[in-house]
Amino acid sequence: ANSDFQAGLDALLLKEVNYVVPLIDRDLSAEGLSSTATWASVSQQLLDHVVRARGAAGLERGGFIGFRGTKAQIVAAANGLNDEDVQLMCQNPTVLDASGSLAAKGPRMLAVMGASMRAGVPEIGEPLTNKYLRVSALSQDSSWDPSDVTDSADLINAGVMFAETIPGQGTRWVRDITTYVKTDNLAYMEGSVRDVVRYIAFNLRKELDNRFTGRKSAPSTVSAVRDAAASLLESYRSDDIIVESTDPATGEVIRAYHNLKVTSSGDVISVNVGIFPVPGINFELIEIFLQLPTQSA
(Lines give C-alpha, C1' and ligand atoms only; values in the text may rest on other atoms or scores of the structure.)
Protein backbone atom coordinates (compact mmCIF):
# COMPACT_ATOMS: atom_id res chain seq x y z
CA ALA A 1 0.00 0.00 0.00
CA ASN A 2 1.03 3.66 -0.24
CA SER A 3 1.54 3.58 3.54
CA ASP A 4 4.15 0.83 3.15
CA PHE A 5 6.20 2.95 0.76
CA GLN A 6 5.90 5.88 3.17
CA ALA A 7 7.07 3.71 6.06
CA GLY A 8 10.10 2.66 4.04
CA LEU A 9 10.98 6.22 3.12
CA ASP A 10 10.56 7.33 6.73
CA ALA A 11 12.90 4.57 7.85
CA LEU A 12 15.50 5.74 5.32
CA LEU A 13 15.46 9.20 6.88
CA LEU A 14 17.17 7.57 9.86
CA LYS A 15 20.02 6.35 7.67
CA GLU A 16 22.91 7.91 5.76
CA VAL A 17 22.13 6.83 2.20
CA ASN A 18 23.04 8.38 -1.15
CA TYR A 19 20.24 7.27 -3.48
CA VAL A 20 16.66 6.06 -3.07
CA VAL A 21 14.60 4.10 -5.63
CA PRO A 22 10.95 3.22 -4.91
CA LEU A 23 10.21 0.01 -6.82
CA ILE A 24 7.17 1.27 -8.67
CA ASP A 25 6.59 2.54 -12.21
CA ARG A 26 2.78 2.35 -12.45
CA ASP A 27 -0.20 1.75 -10.21
CA LEU A 28 0.56 -1.64 -8.70
CA SER A 29 -3.06 -2.78 -9.03
CA ALA A 30 -2.07 -3.54 -12.65
CA GLU A 31 0.31 -6.24 -11.39
CA GLY A 32 -2.13 -8.14 -9.19
CA LEU A 33 -1.24 -9.31 -5.68
CA SER A 34 -3.96 -6.98 -4.35
CA SER A 35 -1.60 -4.01 -4.10
CA THR A 36 -3.23 -0.59 -3.76
CA ALA A 37 -0.08 1.53 -4.12
CA THR A 38 -0.34 4.20 -6.81
CA TRP A 39 2.48 5.82 -8.77
CA ALA A 40 1.11 9.34 -8.18
CA SER A 41 1.20 8.91 -4.41
CA VAL A 42 4.58 7.16 -4.21
CA SER A 43 6.28 9.64 -6.55
CA GLN A 44 5.01 12.49 -4.37
CA GLN A 45 6.26 10.65 -1.30
CA LEU A 46 9.70 10.37 -2.94
CA LEU A 47 9.66 14.07 -3.79
CA ASP A 48 8.73 15.02 -0.22
CA HIS A 49 11.44 12.64 1.03
CA VAL A 50 14.35 14.22 -0.87
CA VAL A 51 13.12 17.75 -0.03
CA ARG A 52 12.99 16.88 3.66
CA ALA A 53 16.35 15.08 3.44
CA ARG A 54 18.16 18.11 2.03
CA GLY A 55 16.36 20.39 4.49
CA ALA A 56 15.66 19.75 8.16
CA ALA A 57 17.00 16.17 8.14
CA GLY A 58 20.42 17.19 6.81
CA LEU A 59 20.80 13.85 5.00
CA GLU A 60 21.00 14.79 1.35
CA ARG A 61 20.26 12.05 -1.19
CA GLY A 62 19.10 11.67 -4.78
CA GLY A 63 15.86 9.99 -5.84
CA PHE A 64 15.37 7.82 -8.93
CA ILE A 65 11.98 6.57 -10.10
CA GLY A 66 10.58 4.79 -13.14
CA PHE A 67 7.36 5.54 -15.02
CA ARG A 68 5.37 3.66 -17.68
CA GLY A 69 3.32 5.63 -20.17
CA THR A 70 3.06 7.46 -23.46
CA LYS A 71 5.33 10.35 -24.33
CA ALA A 72 2.70 12.86 -23.19
CA GLN A 73 2.17 11.00 -19.91
CA ILE A 74 5.94 10.80 -19.30
CA VAL A 75 6.35 14.54 -19.84
CA ALA A 76 3.43 15.24 -17.48
CA ALA A 77 4.91 12.92 -14.83
CA ALA A 78 8.30 14.65 -15.00
CA ASN A 79 6.70 18.08 -14.86
CA GLY A 80 4.76 17.02 -11.78
CA LEU A 81 8.02 16.20 -9.98
CA ASN A 82 10.16 19.12 -11.23
CA ASP A 83 12.85 18.73 -8.58
CA GLU A 84 16.62 19.01 -8.68
CA ASP A 85 17.19 15.79 -6.73
CA VAL A 86 14.71 13.48 -8.49
CA GLN A 87 15.47 11.73 -11.79
CA LEU A 88 12.83 9.96 -13.90
CA MET A 89 13.38 6.96 -16.22
CA CYS A 90 10.78 5.61 -18.66
CA GLN A 91 12.22 2.69 -20.66
CA ASN A 92 12.30 -1.10 -20.38
CA PRO A 93 15.71 -2.80 -20.13
CA THR A 94 16.18 -6.41 -21.18
CA VAL A 95 18.52 -8.13 -18.72
CA LEU A 96 19.18 -11.58 -17.30
CA ASP A 97 16.62 -12.65 -14.73
CA ALA A 98 17.19 -14.86 -11.68
CA SER A 99 17.00 -18.02 -13.79
CA GLY A 100 19.59 -16.78 -16.29
CA SER A 101 17.09 -16.02 -19.05
CA LEU A 102 16.74 -12.71 -20.88
CA ALA A 103 13.67 -10.79 -19.72
CA ALA A 104 12.31 -7.32 -20.35
CA LYS A 105 11.92 -5.40 -17.09
CA GLY A 106 10.00 -2.20 -16.40
CA PRO A 107 11.30 1.37 -15.98
CA ARG A 108 11.68 0.86 -12.23
CA MET A 109 14.58 -1.50 -13.02
CA LEU A 110 16.12 1.17 -15.26
CA ALA A 111 15.83 3.56 -12.31
CA VAL A 112 17.73 1.02 -10.17
CA MET A 113 20.40 0.83 -12.89
CA GLY A 114 20.65 4.63 -12.97
CA ALA A 115 21.09 4.82 -9.20
CA SER A 116 23.64 1.99 -9.14
CA MET A 117 25.64 3.57 -11.96
CA ARG A 118 25.65 6.88 -10.09
CA ALA A 119 26.95 5.06 -7.02
CA GLY A 120 29.62 3.37 -9.14
CA VAL A 121 31.18 6.32 -10.98
CA PRO A 122 34.91 6.60 -10.25
CA GLU A 123 34.76 10.22 -9.11
CA ILE A 124 32.23 12.57 -7.55
CA GLY A 125 30.86 14.79 -10.33
CA GLU A 126 31.41 12.28 -13.16
CA PRO A 127 28.28 12.49 -15.41
CA LEU A 128 26.29 9.46 -16.50
CA THR A 129 25.95 11.06 -19.94
CA ASN A 130 27.26 8.69 -22.64
CA LYS A 131 27.90 5.93 -20.10
CA TYR A 132 26.89 2.48 -21.39
CA LEU A 133 24.37 0.28 -19.62
CA ARG A 134 24.75 -3.48 -19.36
CA VAL A 135 21.53 -4.41 -21.15
CA SER A 136 20.75 -6.73 -24.04
CA ALA A 137 18.03 -4.44 -25.40
CA LEU A 138 15.99 -1.40 -24.52
CA SER A 139 12.41 -0.56 -25.46
CA GLN A 140 9.86 2.16 -24.76
CA ASP A 141 6.27 3.09 -25.50
CA SER A 142 5.53 3.31 -29.24
CA SER A 143 4.59 7.00 -28.90
CA TRP A 144 8.23 8.07 -28.93
CA ASP A 145 11.69 7.03 -30.11
CA PRO A 146 15.00 8.14 -28.55
CA SER A 147 16.55 8.35 -32.04
CA ASP A 148 13.92 10.86 -33.15
CA VAL A 149 15.37 14.37 -32.76
CA THR A 150 12.02 15.92 -31.80
CA ASP A 151 11.18 13.25 -29.23
CA SER A 152 14.66 13.44 -27.75
CA ALA A 153 14.53 17.23 -27.41
CA ASP A 154 11.03 17.15 -25.92
CA LEU A 155 12.02 14.66 -23.23
CA ILE A 156 15.23 16.48 -22.35
CA ASN A 157 13.35 19.76 -22.09
CA ALA A 158 10.87 18.03 -19.77
CA GLY A 159 13.65 16.70 -17.51
CA VAL A 160 13.38 13.01 -18.46
CA MET A 161 16.48 10.79 -18.36
CA PHE A 162 16.58 8.18 -21.12
CA ALA A 163 18.99 6.04 -23.09
CA GLU A 164 19.65 5.31 -26.77
CA THR A 165 21.08 2.30 -28.57
CA ILE A 166 24.07 2.92 -30.84
CA PRO A 167 24.36 0.14 -33.48
CA GLY A 168 27.49 -1.89 -32.97
CA GLN A 169 28.34 -0.15 -29.70
CA GLY A 170 25.60 -0.62 -27.12
CA THR A 171 23.07 1.36 -25.12
CA ARG A 172 24.05 4.57 -23.36
CA TRP A 173 22.46 7.39 -21.39
CA VAL A 174 21.71 10.43 -23.56
CA ARG A 175 21.83 13.07 -20.81
CA ASP A 176 22.33 12.93 -17.06
CA ILE A 177 19.38 15.15 -16.24
CA THR A 178 17.03 15.77 -13.32
CA THR A 179 13.34 16.61 -13.50
CA TYR A 180 14.10 20.24 -12.60
CA VAL A 181 12.94 22.51 -15.43
CA LYS A 182 11.97 25.68 -13.54
CA THR A 183 15.00 27.50 -14.97
CA ASP A 184 17.75 26.65 -17.45
CA ASN A 185 20.39 26.25 -14.73
CA LEU A 186 22.86 23.34 -14.84
CA ALA A 187 23.37 23.60 -11.09
CA TYR A 188 19.87 22.14 -10.72
CA MET A 189 19.32 20.32 -14.03
CA GLU A 190 22.43 18.12 -14.21
CA GLY A 191 22.44 14.93 -12.15
CA SER A 192 26.22 14.95 -11.73
CA VAL A 193 26.27 18.55 -10.51
CA ARG A 194 23.54 17.80 -7.99
CA ASP A 195 25.61 14.86 -6.77
CA VAL A 196 28.50 17.29 -6.11
CA VAL A 197 26.22 19.70 -4.24
CA ARG A 198 24.75 16.95 -2.07
CA TYR A 199 28.19 15.50 -1.35
CA ILE A 200 29.67 18.82 -0.26
CA ALA A 201 26.66 19.93 1.78
CA PHE A 202 26.48 16.66 3.71
CA ASN A 203 30.20 16.20 4.34
CA LEU A 204 30.89 19.83 5.25
CA ARG A 205 28.04 19.80 7.76
CA LYS A 206 29.12 16.44 9.20
CA GLU A 207 32.76 17.50 9.55
CA LEU A 208 31.90 20.73 11.38
CA ASP A 209 29.30 19.03 13.56
CA ASN A 210 31.73 16.31 14.66
CA ARG A 211 34.48 18.78 15.46
CA PHE A 212 32.70 21.75 16.97
CA THR A 213 29.25 20.91 18.34
CA GLY A 214 29.51 21.07 22.12
CA ARG A 215 32.50 23.41 22.22
CA LYS A 216 32.52 26.99 23.54
CA SER A 217 31.69 29.62 20.93
CA ALA A 218 34.82 31.62 21.63
CA PRO A 219 36.44 33.79 18.93
CA SER A 220 39.21 31.20 18.55
CA THR A 221 36.60 28.49 17.94
CA VAL A 222 34.89 30.56 15.26
CA SER A 223 38.25 31.00 13.55
CA ALA A 224 38.87 27.27 13.83
CA VAL A 225 35.52 26.57 12.16
CA ARG A 226 36.54 28.77 9.25
CA ASP A 227 39.91 27.05 8.97
CA ALA A 228 38.29 23.60 9.04
CA ALA A 229 35.76 24.56 6.36
CA ALA A 230 38.50 26.06 4.18
CA SER A 231 40.65 22.96 4.55
CA LEU A 232 37.83 20.63 3.50
CA LEU A 233 36.83 22.85 0.58
CA GLU A 234 40.46 23.01 -0.53
CA SER A 235 40.54 19.22 -0.68
CA TYR A 236 37.46 19.30 -2.90
CA ARG A 237 39.20 21.82 -5.14
CA SER A 238 42.27 19.59 -5.37
CA ASP A 239 40.06 16.64 -6.35
CA ASP A 240 38.26 18.69 -9.07
CA ILE A 241 34.95 18.35 -7.27
CA ILE A 242 34.77 22.14 -7.29
CA VAL A 243 36.73 24.18 -9.83
CA GLU A 244 38.00 27.69 -10.49
CA SER A 245 35.94 30.08 -12.64
CA THR A 246 36.74 33.20 -14.64
CA ASP A 247 34.91 36.52 -14.35
CA PRO A 248 33.57 37.12 -17.89
CA ALA A 249 33.89 40.89 -17.53
CA THR A 250 37.36 41.22 -16.01
CA GLY A 251 39.00 37.87 -16.81
CA GLU A 252 39.88 37.54 -13.14
CA VAL A 253 40.11 33.99 -11.79
CA ILE A 254 37.56 33.28 -9.06
CA ARG A 255 38.50 30.60 -6.57
CA ALA A 256 36.56 27.34 -6.57
CA TYR A 257 35.24 28.32 -3.15
CA HIS A 258 34.94 32.00 -2.31
CA ASN A 259 33.43 34.51 0.10
CA LEU A 260 33.78 32.05 2.97
CA LYS A 261 32.31 33.70 6.05
CA VAL A 262 31.70 32.25 9.50
CA THR A 263 29.59 34.09 12.07
CA SER A 264 28.46 33.27 15.60
CA SER A 265 25.16 34.36 17.13
CA GLY A 266 24.10 32.84 20.43
CA ASP A 267 24.47 29.08 20.16
CA VAL A 268 24.45 29.05 16.35
CA ILE A 269 27.43 29.24 14.01
CA SER A 270 26.58 30.07 10.41
CA VAL A 271 28.86 29.19 7.49
CA ASN A 272 28.31 30.95 4.15
CA VAL A 273 30.37 30.12 1.09
CA GLY A 274 30.08 30.20 -2.69
CA ILE A 275 31.27 27.21 -4.73
CA PHE A 276 31.63 26.29 -8.40
CA PRO A 277 30.64 22.59 -8.68
CA VAL A 278 32.37 20.87 -11.59
CA PRO A 279 29.99 20.50 -14.57
CA GLY A 280 29.93 17.68 -17.09
CA ILE A 281 30.49 18.09 -20.82
CA ASN A 282 27.34 17.73 -22.90
CA PHE A 283 28.31 19.48 -26.13
CA GLU A 284 31.35 20.35 -28.24
CA LEU A 285 30.99 23.38 -30.52
CA ILE A 286 33.36 23.54 -33.48
CA GLU A 287 34.01 26.62 -35.61
CA ILE A 288 35.87 26.18 -38.88
CA PHE A 289 37.16 29.27 -40.68
CA LEU A 290 37.55 28.88 -44.43
CA GLN A 291 40.20 30.53 -46.55
CA LEU A 292 40.98 30.03 -50.20
CA PRO A 293 44.60 29.25 -51.00
CA THR A 294 46.82 31.47 -53.11
CA GLN A 295 49.01 29.57 -55.56
CA SER A 296 51.71 30.47 -58.01
CA ALA A 297 53.92 28.56 -60.41
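Observations on the structure shown:
- The single condition among (1) more than 30 Å from K206 (Cβ to Cβ); (2) among the small types (G, A, S); (3) out of contact with any Gly (no Cβ under 7 Å at 6 or more places or on another chain) that G159 does not satisfy is (1).
- Of the criteria (1) touching a Leu at 6+ places or on another chain (Cβ under 6 Å); (2) under 25 Å from D141 (Cβ atoms), which one A57 fails: (2)
- Output for region 113-129, where each listed residue is within 13 Å of M161 (Cβ to Cβ) and part of a helix (DSSP H, G or I): M113, G114, A115, M117, R118
- Every condition in (1) surrounded by 10 or more Cβ atoms within 10 Å (Cβ to Cβ); (2) in a loop (DSSP other than H, G, I, E, B); (3) not acidic (D, E) holds for G251 except the one numbered (1).
- Each residue in region 7-34 was checked for being crowded, with 17+ Cβ neighbours inside 10 Å and either out of contact with any strand residue (DSSP E or B) (no Cβ under 9 Å at 6 or more places or on another chain) or among the hydroxyl-bearing types (S, T, Y) (or both), and 2 pass.
- Look at (1) closer than 30 Å to S220 by Cα; (2) at pLDDT below 95; (3) β-branched (V, I, T) and you find that I281 fails only one, number (1).
- Qualifying residue in region 191-210 (condition: among the acidic types (D, E), within 30 Å of N79 (Cα to Cα) and out of contact with any Pro (no Cβ under 8 Å at 6 or more places or on another chain)): yes
The values are calculated or read from the model by the stated rules, or taken from the named source; none is laboratory data. Keep in mind it's a predicted model, so treat the numbers as computed, not measured. Cβ: placed from backbone, ideal geometry, glycine included. Neighbour counts: every protein chain shown.
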